[in-house]
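The structure appears below as structure tokens.
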Amino acid sequence: MSKVVITCAITGSIHTPSMSPYLPVTAQEIAGQAIDAARAGAAILHLHARDPDNGRPSAAPEHFMGFLPQIAAGTDAVVNLSTGGSAVMSLDERLAAPREARPEMCSLNMGSMNFALYPMAAKITEWKYDWEKPFLENSDDLIFRNTPRDIAHVLDEMGTQRGARFEFECYDMGHLTMLAHFADRGLVEPPFFIQFVFGVLGGMAPEPENLTHMKRSADKLFGDDYMFSVLAAGRQQMPMAAMSAGMGGHVRVGLEDSLMIARGRLARSNAEQVEKARGIVEALGREIATPDEARAMLGLKGADTVAF
Ligand code: KMH
Ligand code: ZN
């Protein structure tokens with residue numbers, strides 16, 4: 001089995017400031033938590049930006065550029081920018097910062113789907129900012145749009161034109177079929193780094209059977225041409241990460257995916273989750289990959305080719 005690539009997704013666009021005081025929102029907080037997560041063992045940092053004044057998910061390049069140079073100065077971890085952004089953003093908005101920053105890696109969501117956040121609103125009693133409640137509640141009538149044309153567009157702009165490689169976000173079996181279709185069209189090159197995403201309301205549930213089925217399907221479609229990683233949003237984050245590590249996969253943790261470190265206990269930082277994931281991986285007899293080992297495994301273009 002290869003070394004395990006730990007990805008840490010630092011802030012995302014799902015959780016809101018009222019849910020945890022530890023969710024990083026300013027450039028300083030995002031950079032600080034990202035660097036600490038890398039020190040704890042994350043080889044890849046998956047990043048979104050927030051408006052520092054109110055924590056709202058932001059696509060503005062200036063918000064990304066607030067933390068990207070600090071991160072590049074503080075760690076050699078691979079920077080992976082989201083092209084998913086938030087379901088409320090247009091694709092053009094979602095691409096604005098990655099276009100400018102030219103990162104080594106980007107996420108690429110492999111299908112359109114529901115991305116329902118509204119059940120989380122019911123658990124909040126005190127709202128810190130006005131935007132949060134409608135943002136969560138209106139997700140009952142929102143499509144996270146990732147059509148084949150959108151996917152081809154991201155591949156062209158970020159892959160062909162800027163040399164990024166991808167974290168292919170697959171929330172369902174059909175997303176693997178879509179990736180195989182793009183491989184058939186010659187628009188994606190192996191090795192594929194596939195993120196099996198569990199626990200989003202609209203995608204597959206975090207069940208062991210779903211993971212074994214995804215792996216079996218990906219084995220059939222891609223043979224030796226792929227690596228898988230697992231992220232589970234919510235309570236099953238660590239159990240599913242453990243299962244992935246046991247099955248030869250990679251793992252993703254971070255406050256984008258879960259705010260907790262244990263039942264009823266908020267994680268105080270991204271690094272705390274990385275430390276826990278690392279402990280699980282090492283207890284299973286596997287080693288974690290350094291950023292340069294991850295670069296070699298994934299065929300990345302190198303940290304000296306980015307524009308931040
Ligand atoms: N928020 C995660 C469930 C993206 O940024 O492109 C998936 C994600 C999407 O990370
Ligand atoms: Zn993300």
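Some notes on this structure:
- Apart from one condition, ALA73 fits all of (1) open to solvent by 10 Å² or more (accessible area, probe 1.4 Å); (2) under 16 Å from PRO291 (Cβ atoms); (3) touching a residue at least 60 places away in the same chain (Cβ under 8 Å); the exception is (3).
- Those residues of the stretch 146-156 which are open to solvent by less than 20 Å² (accessible area, probe 1.4 Å) and either free of Cβ contacts under 8 Å to residues at least 12 places away in the same chain or in a helix (DSSP H, G or I) (or both), in sequence order: ASP150, ILE151, VAL154, LEU155
- Within the stretch 83-134, tally of residues that are farther than 20 Å from HIS15 by Cα, in contact with a His (Cβ under 7 Å, 6 or more places away or on another chain) and not hydrophobic (A, V, I, L, M, F, W, C): 1
- Checked against (1) open to solvent by less than 10 Å² (accessible area, probe 1.4 Å); (2) more than 11 Å from ligand 2 (Cβ to nearest atom); (3) touching a Ser or Thr at 6+ places or on another chain (Cβ under 8 Å), HIS46 meets all criteria but (2).
- Qualifying residue in the stretch 82-96 (condition: in contact (Cβ under 8 Å) with a residue 40 or more places away in the chain, more than 14 Å from ligand 2 (Cβ to nearest atom) and surrounded by 24 or more Cβ atoms within 10 Å (Cβ to Cβ)): no
- Any hit, the stretch 201-215, residues being open to solvent by 60 Å² or more (accessible area, probe 1.4 Å) and basic (Lys, Arg): no
- For the stretch 20-34, filtered to residues that are crowded, with 19+ Cβ neighbours inside 10 Å and away from ligand 2 (no atom under 16 Å from the Cβ), the residue that is nearest to the chain's Cα centre (by Cα) is ALA31.
- Whichever residue in the stretch 256-296 is in contact with a Lys or Arg (Cβ under 9 Å, 6 or more places away or on another chain) and farther than 17 Å from ALA38 by Cβ and, among such residues, is most open to solvent (accessible area, probe 1.4 Å): ARG263
- Among the residues making up the stretch 178-209, those that are free of Cβ contacts under 8 Å to residues at least 60 places away in the same chain, under 18 Å from VAL230 (Cα atoms) and away from ligand 1 (no atom under 16 Å from the Cβ) are GLU207, PRO208, GLU209.
The values are calculated or read from the model by the stated rules, or taken from the named source; none is laboratory data. Fair warning: this is a prediction, and the values are worked out from it, not measured in the lab. Cβ atoms come from the backbone with ideal geometry, glycine included; neighbour counts cover every protein chain shown. What goes into the accessible areas is simple: the full protein's heavy atoms, side chains included, and nothing from ligands, DNA or RNA. Shrake-Rupley method; radii C 1.70, N 1.55, O 1.52, S 1.80 Å.
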